[in-house]
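*Asks:* Before I ask anything, here is the structure I am working with.
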Amino acid sequence: MIRYESRLIKGIIEEVLSKVNRSRLQVATHPIGIDIRVKQMKDLLKLGTSDVRIAGIYGMGGIGKTTPAKALYNNICDGFEGSSCLLNIKEVSDN
Ligand SMILES: Nc1ncnc2c1ncn2[C@@H]1O[C@H](COP(=O)(O)OP(=O)(O)OP(=O)(O)O)[C@@H](O)[C@H]1O
Ligand SMILES: [Mg+2]
């Protein structure tokens, strides 16, 4: 019984912390067609399996690659103990 309660409390604490600690990335003001992209990328990443996967998004400059990547991050970050989104790699690495 005590064991069950302590597990339950631990679960509640993890759930609450995951909700209050994470800041969300700013996606487009009026996003269009983002949800379907997020779903497609989640399918590709096969979340929930023990595999480690990397997915790339490619296309012309400004076509909208970073925006769905940020929306994906916002959508899945709560499922991880820790998360970090590294942005502007191109700009930083040019220096
Ligand atoms: N689905 C979308 N709905 C609305 N606006 C969008 C969408 N996708 C991108 N945008 C807008 O288009 C602009 C360019 O998008 P984004 O930065 O994602 O492009 P990018 O392909 O990553 O660009 P770059 O090649 O320079 O890295 C941004 O202002 C973004 O807010
Ligand atoms: Mg980009």
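The values are calculated or read from the model by the stated rules, or taken from the named source; none is laboratory data. Just so you know, these numbers come straight off a predicted model, no measurement behind them. Every residue, glycine among them, receives a Cβ derived from its backbone with ideal geometry; neighbour counts consider all protein chains shown. Heads up: the accessible areas ignore ligands, DNA and RNA and are worked out on the full protein's heavy atoms, side chains in. Shrake-Rupley method; radii C 1.70, N 1.55, O 1.52, S 1.80 Å.
*Asks:* For segment 32-67, name all the residues that are under 23 Å from Phe80 (Cβ atoms), near ligand 1 (Cβ under 7 Å from one of its atoms) and in contact with a Pro (Cβ under 9 Å, 6 or more places away or on another chain).
*Replies:* Within segment 32-67, Ile34, Thr67 qualify.
*Asks:* What is the residue count in segment 1-45 for residues that are at pLDDT 85 or above and open to solvent by 100 Å² or more (accessible area, probe 1.4 Å)?
*Replies:* Residues in segment 1-45 being at pLDDT 85 or above and open to solvent by 100 Å² or more (accessible area, probe 1.4 Å): 12 in total.
*Asks:* Here's something else I'd like to know. Taking helices (runs of 4 or more DSSP H) that do not extend beyond the chain, which have at least 3 residues that are touching a residue at least 12 places away in the same chain (Cβ under 8 Å)? Step through it out loud before you land on a result.
*Replies:* Working: elements: 2-21, 34-45, 66-76, 89-94.
Answer list for the chain: 34-45, 66-76.
*Asks:* In segment 79-95, which residue that is within 16 Å of ligand 1 (Cβ to nearest atom) and not acidic (Asp, Glu) is least open to solvent (accessible area, probe 1.4 Å)?
*Replies:* Of the residues in segment 79-95, the ones within 16 Å of ligand 1 (Cβ to nearest atom) are 85-94.
Checking the rest, the ones that are also not acidic (Asp, Glu) come to 85-90, 92-93.
Working: Cys85: 48, Leu86: 132, Leu87: 68, Asn88: 97, Ile89: 103, Lys90: 144, Val92: 97, Ser93: 82 Å².
So, considering only residues that are within 16 Å of ligand 1 (Cβ to nearest atom) and not acidic (Asp, Glu), the one least open to solvent (accessible area, probe 1.4 Å) is Cys85.
*Asks:* Mind listing whichever residues of segment 58-78 are over 18 Å from Gln26 (Cβ atoms) and open to solvent by 70 Å² or more (accessible area, probe 1.4 Å)? Can you show your working first?
*Replies:* Step one: filter segment 58-78 for residues over 18 Å from Gln26 (Cβ atoms), giving 58-61, 63.
Selection gives Tyr58, Met60, Gly61, Ile63.
Here is a yes/no grid of residues against (1) among the hydrophobic types (A, V, I, L, M, F, W, C); (2) within 11 Å of ligand 2 (Cβ to nearest atom):
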residue	(1), (2)
Val52	yes, no
Ile57	yes, yes
Ile63	yes, yes
Thr67	no, yes
Lys70	no, yes
Ile76	yes, no
Cys85	yes, no
Glu91	no, yes
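*Asks:* Modelled with pLDDT of 85 or more and touching an Asp or Glu at 6+ places or on another chain (Cβ under 9 Å) - does that describe any residue in segment 52-68?
*Replies:* Going through segment 52-68, the residues modelled with pLDDT of 85 or more turn out to be 52-68.
Add one more test, that the residue is touching an Asp or Glu at 6+ places or on another chain (Cβ under 9 Å), and what stays is none.
Within segment 52-68, not a single residue is modelled with pLDDT of 85 or more and touching an Asp or Glu at 6+ places or on another chain (Cβ under 9 Å).
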